[in-house]
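These notes concern the structure reproduced below.
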Amino acid sequence: MTLAQQHAPMIASCSRMLGALFRGWLGPAALACALVPGCTEDPFDYGGPRSCEVPDRNAWVYALMGDAYLWAAQMPEVDPSSYDSPAAMVADLRVDPDRWSRVGDKARTNALFEEGKIIGLGFRTRRDRQNRVVVSWVTPGSNAEAAGMQRGDVMHQIDGFTISQIDAEDRWDEVYGDDVPGVKVPVQFERPGEALRSATLVKDWLEIETVPVADVLELEGRPVGYLLFATFVDTADARLDETFAAFRDAGVRDVIVDLRYNGGGRIAVARHLIDLLVGDVADGQVSYGVDYGPGLSDQDTRRRISRRDGSVRDLGQIVFITTGSTLSASELVINAVRPWADIRLVGGTTGGKPVGSHQWEFCDEILQPITFKLSNAEGYGEYFDGLTADCAASDELDRDIGDPQENSLATALHVLATGACPPGPPVRDPSDAADGEHAELPPRGGLEELRGFF
């Protein structure tokens, strides 16, 4: 066995690790790496912990955060040995406005982003304006669909607790049980005007349909492309290409991109969607900028737009449907195309995440600290308060997504037809930041893994 093989778990970029060592952030593991011949030149290679014991994992994560974290200069000093897990430590290291840096399970995270699979029950919920918990989406092929659950159903009980009990006792983080296959969750729900239904749902692996709804709608004699885009995972590129090829064949110039539940995902997939939307009109122009913190600032870059086979030809207008659940990669797409297209936002204010994460695998976990901020070709990227909708609209839960009469889609179509918001008082979405008492519930069935992550 060579010396490099003996020290393989600790090999990292010499310059990166030595710099961190001299600043006092890295311990003996980094020193050993720095002394090993053959350290790589990968600027993102920080090696790995000395072992997979908790103290060594904590020490390595703390050292890496001290160099790579976007807000490393403001990061609090802590004793890594005082934490029982890297995840608990990272939660304490986050600096406002960071709500996203985390440590996740490697197998689940890779299954989600690489294979588009999650563990879950197959439904998600929202609050309506009466503060009821209402089913907003049911995953095809899931336990929830088999139990007859539909969009618009009102939840009465989950795991034996009424909704009022869950609220009063703050049980939302525990009431759905652990996210592992086989977990059983009894529920009671009601379809308005029908009898109460009961079912026991069982968690299982589910495949995410990244574009679950797509259509070419007719508006005043011209075709309009509509797609509900669920999440930015690796499997999405092929579905996006299929969808935009159909738009191209139909002569679509105007597009409605429904991001109402899209909490983020891969930045590479966001770039792909940007190219499909504005590649024909902005080929070669700046798509977005990536600016790292001081420890990785030499990796700052500007990405450019590329024309693709499916890029919308002779682009007209783009309307994005948004809510408070529209985050991260979704907001990147909106912000990046704004300088190059006539766009409007319909629905509610987005969640506000103009930053992203690099990720590092170690042992059986993945570290995802915020490492860079994002901006568009005009340099704008400070939207921590979200991107404001031009026309307020509700997520009309008693109509199917994709129904032209559903309030958000109907408002988008009206904007395309007239250039203005519908007349009369705006119908606000309960998740809009201006109406915080109706905040959305966390999505269920594993999709919380995607809330605001790249």
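Bear in mind that the values in this text are calculations on the coordinates, not laboratory data. Keep in mind that this is a model prediction, so the values were computed, not measured. Cβ sites come from the backbone with ideal geometry, for glycine too, and all protein chains shown count toward neighbours.
The figures follow:
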read-out: Ratio Rg/Rh, restricted to the range 213-450 and using Cα atoms, in which Rh is the Kirkwood radius; value: 0.96
read-out: Zero-based 5 Å bins, Cα pair distances in the range 308-376, whole percents; value: 3, 14, 19, 19, 15, 13, 8, 5, 2, 1
read-out: Listed peptides 345-353, 331-339 by packing density, highest first (mean Cβ within 10 Å); value: 345-353, 331-339
read-out: Cβ-derived FRET efficiency at R0 22 Å, Leu219 paired with Asp403, nearest 0.05; value: 0.90
read-out: Cα radius of gyration and Dmax for the range 128-223 (Å); value: 16.3, 54
read-out: Mean Cβ count within 10 Å, highest first, over the residues of peptides 186-199, 400-413, 294-307; value: 400-413, 294-307, 186-199
read-out: Protection-proxy order for peptides 368-375, 240-247, each taking the mean of Cβ atoms within 10 Å per residue, highest first; value: 368-375, 240-247
read-out: Mean Cα-pair separation over length for the range 213-450, i.e. relative contact order, pairs under 8 Å, 6 or more apart, %; value: 18
read-out: Distant-in-sequence amide H partners of Leu201 (H built 1.01 Å from N, under 5 Å); value: Val185, Val187
read-out: Alpha-carbon centroids, the range 356-401 and the range 77-106: separation in whole Å; value: 20
read-out: Per-residue Cβ neighbour rank within 10 angstrom, fewest leading, Val233, Val211; value: Val211, Val233
read-out: Exposure proxy order (Cβ contacts within 10 Å, fewest to most) of Met75, Met65; value: Met75, Met65
read-out: Reachable lysines, given that their alpha-carbon falls under 26 Å from the alpha-carbon of Lys373 and they are not under 8 places away in the same chain; value: Lys106, Lys353
read-out: Range of Cα positions in the range 43-170 per principal axis (Å), largest first; value: 50, 34, 25
read-out: Rounded Å value of the spacing that divides the Cα centres of the range 125-150 and the range 194-259; value: 18
read-out: The range 219-340: radius of gyration over Cα atoms, expressed as a fraction of 2.2 N^0.38 Å; value: 1.06
read-out: Antiparallel bridge percentage (DSSP; both residues within the range 213-450; nearest 5); value: 55
read-out: Residues whose placed amide H lies under 5 Å from that of Glu365, excluding near-sequence neighbours; value: Lys106
read-out: Residues Thr210, Thr322, sorted so that the one with the fewest Cβ neighbours within 10 Å comes first; value: Thr210, Thr322
read-out: Calculated FRET value between Ala88 and Ala417, using beta carbons and R₀ = 51 Å, to 0.05; value: 0.45
